[in-house]
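Data block below; observations after.
The values are calculated or read from the model by the stated rules, or taken from the named source; none is laboratory data. Nothing here was measured: the structure is a model prediction, and the numbers come from that model. Neighbour counts are summed over all protein chains in view; Cβ atoms, including those assigned to glycine, are modelled from backbone coordinates with ideal geometry.
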Amino acid sequence: MGDERVEVETARPRDEATGRDAEPITPVPASPRHPVSPSPRLPVSPPPIPSSDLRVLLWDIDGTLIRSIKTGAYKDYTIPVLEEIFGTSGRLAGMRVSGMTDLQIIVEALSEEGFTHDDVRDQIHHLSKRLTAEAKRITGSGEPFFELLPGVTQTLQALDDHPRYHSALLTGNIEPMAYLKMDLVGLDHFFKLPGAFGEESHERRDLPERAAGRINEHLQLDLSPKQFVVIGDTPNDIDCAKHFGARSVVVGTGRFYSTEELLACEPDAWVKDLSDTELVIRTLDSL
């Protein structure tokens, strides 16, 4: 990347200089009583600042805000559902699925078994219902299933209090699964705007445009692509931002990609994690 890499890396927290310890990851117990939160459709209030100053943050979930305590736990509730509906889970057990949409994961897992994209799309509502039900069953066992990543709650709260920033979900998870996860870890109230989800497209790069259209309609504004910021932990998060013309911030909390691999994709900014709230806000302010 040459000079561009130096510019991206200016967003790194300097733990050695400050002596600040990273916030420990906090296990979050699952609750069988939490319902799936509905997609937000809250009343529109006039923005307190000019609309040109607004920024909408489109958040990835897994590896960015939370992670499953067990690596590959997604497959624990997906494989049984695919076997129930299609008679096979195909090659899902051996796939690396980070950054993919649920639709893409299932299509690619089953393709060698003769199932087409249309076959999966025809079952998407049934799949969504069964996947969510199976995830509820597994996460309702009383054992911790997801953990918050460093600084997530504090940073989301600071951004929620900031007049410039508004948050929505942009995730490969199917919609009810996304809100189930956010409800289980107590983050659902931060995402007041409609987002885009993993059952909507095979390609993650389609999702920012879908989210932006819904958000503009919801807010009754015409925000430009550059007023949206995708925050994630994989190359696909960076790619989907570029495809739409949005900004991108990549965090180093994912399990599957090194800092070097992420920086090679040329995000607009990089942060180690979300533990330094002031740094995160300064990084966003610079975009």
- Gly72: of a type outside the set (Lys, Arg), buried (at least 19 other Cβ atoms within 10 Å of the Cβ) and in a loop (DSSP other than H, G, I, E, B), yes or no? no
- Within the group Leu221, Leu193, Leu207, Leu263, which residue is farther than 24 Å from Ser51 by Cα and of a type in the set (A, V, I, L, M, F, W, C)? Leu263
- Message: Condition first: more than 30 Å from Gly252 (Cβ to Cβ), surrounded by 15 or more Cβ atoms within 10 Å (Cβ to Cβ) and under 21 Å from the mean Cα position of the chain (by Cα). Now tell me which residues in segment 90-129 satisfy that.
- Response: Ile124, Leu127, Ser128
- Query: Which of the residues that make up segment 260-285 are among the polar types (S, T, N, Q) and in contact with a strand residue (DSSP E or B) (Cβ under 7 Å, 6 or more places away or on another chain)?
  - Reply: Thr283
- So which of Ala109, Ala133 ends up being assigned to a helix (DSSP H, G or I), over 26 Å from Asp206 (Cα atoms) and either without any contact (Cβ under 8 Å) to a residue 40 or more places away in the chain or assigned by TED's automatic domain parsing to the domain that holds Val251 (or both)? Ala133
- Query: Somewhere in segment 140-151, is a residue surrounded by fewer than 18 Cβ atoms within 10 Å (Cβ to Cβ), hydroxyl-bearing (Ser, Thr, Tyr) and not in a helix (DSSP H, G or I)?
  - Reply: yes
